[in-house]
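What follows is a single structure, written as structure tokens, with notes after it.
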Amino acid sequence: MNLTYKLRIVADTEDDIFIDISISSKSSFLQLHNSIIEGFKLGGGEMASFYKSNQNWDKGEEVTLMDMSFSEDENNKPMCMENTELNHILNKDEPKSLYLYDFLNMNIFYIHLVETLETQQDLTPKILNKFGNYELKKGEEENSNFQNNSSLSSEINDILNEYNEDDFESFDELDEDLY
């Protein structure tokens with residue numbers, strides 16, 4: 001028998017915004033990540049991590065998007081989404097996890113294992129319900145790009161052009177013999 005998880009993923013917003021996903025317990029966290037990106041229309045261009053959590057929603061062990069370890073010691077490697085199954089973190093006894101998307105803007109999602117079902121086969125992830133429309137937190141828009149924001153470009157150019165060469169004439173040149 002295979003287990004299928006019904007997960008509710010709730011966005012950390014003032015409004016009630018969530019999606020329900022049906023996914024195999026043997027699916028990778030990368031598959032769940034992709035389902036969350038699709039369900040909330042996040043764009044997918046930012047770093048993200050899952051965290052094991054407790055009843056108080058405290059952060060525990062991290063499951064990273066990519067394997068960022070440089071160690072060849074298999075025992076001390078951090079978990080990464082591609083090779084970590086959901087059942088390694090989520091189960092009936094520990095039904096909560098956190099998902100953090102875009103570390104600069106801290107888009108946080110609460111994942112709760114609502115139901116576990118026995119099935120004959122592993123199912124591909126499926127979005128069952130969607131409630132509300134999620135907007136990325138301030139500072140990021142879907143497919144944002146610095147070149148498209150002329151006022152920001154203008155402000156950056158003003159800062160870069162604020163000083164000219166005359167402002168630096170009072171500095172003595174370094175004596176290369178001292179170094």
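Only the coordinates and a few stated rules stand behind these numbers; no lab work does. Remember, predicted model here, so these are calculated numbers, not experimental data. Here the Cβ is made from the backbone with ideal geometry for all residues, glycine too, and neighbour counts use every protein chain on show.
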Legend entry - Calculated from backbone phi, Karplus (6.51, -1.76, 1.60) coupling profile of the range 95-106 in Hz, x at Gly/Pro: x, 10, 8, 10, 10, 10, 10, 6, 5, 6, 10, 6
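Order the peptides 9-18, 42-51 from the highest to the lowest mean number of other Cβ atoms within 10 Å of their residues.
Working: 9-18: 15.3, 42-51: 17.7.
Averaged packing, sorted descending, gives the order 42-51, 9-18.
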Legend entry - For residue 24, residues with placed amide H under 5 Å, excluding near neighbours: 5, 123
Legend entry - Fewest-first sequence of 63, 114 by Cβ atoms within 10 Å of each Cβ: 114, 63
Inset, instruction - Would you mind calculating the gained length between residue 118 and residue 57 on full extension (0.36 nm times residue separation, minus the Cα-Cα distance), in nm to one decimal? - result: 19.3 nm
Inset, instruction - List, in order, the whole-Hz ³J(HN,Hα) value for each residue of the range 46-51 obtained from phi through the Karplus relation with A = 6.51, B = -1.76, C = 1.60 and θ = phi - 60°; use x for Gly and Pro. - result: 10, 5, 8, 8, 9, 9
Inset, instruction - Starting with the fewest neighbours, write out 62, 118 ranked by other beta-carbon atoms found within 10 Å of each beta-carbon. - result: 118, 62
Legend entry - Residue-by-residue Karplus 3J(HN,Hα) for the range 130-135, coefficients 6.51, -1.76, 1.60, Hz, glycine and proline x: 9, 10, x, 10, 8, 10
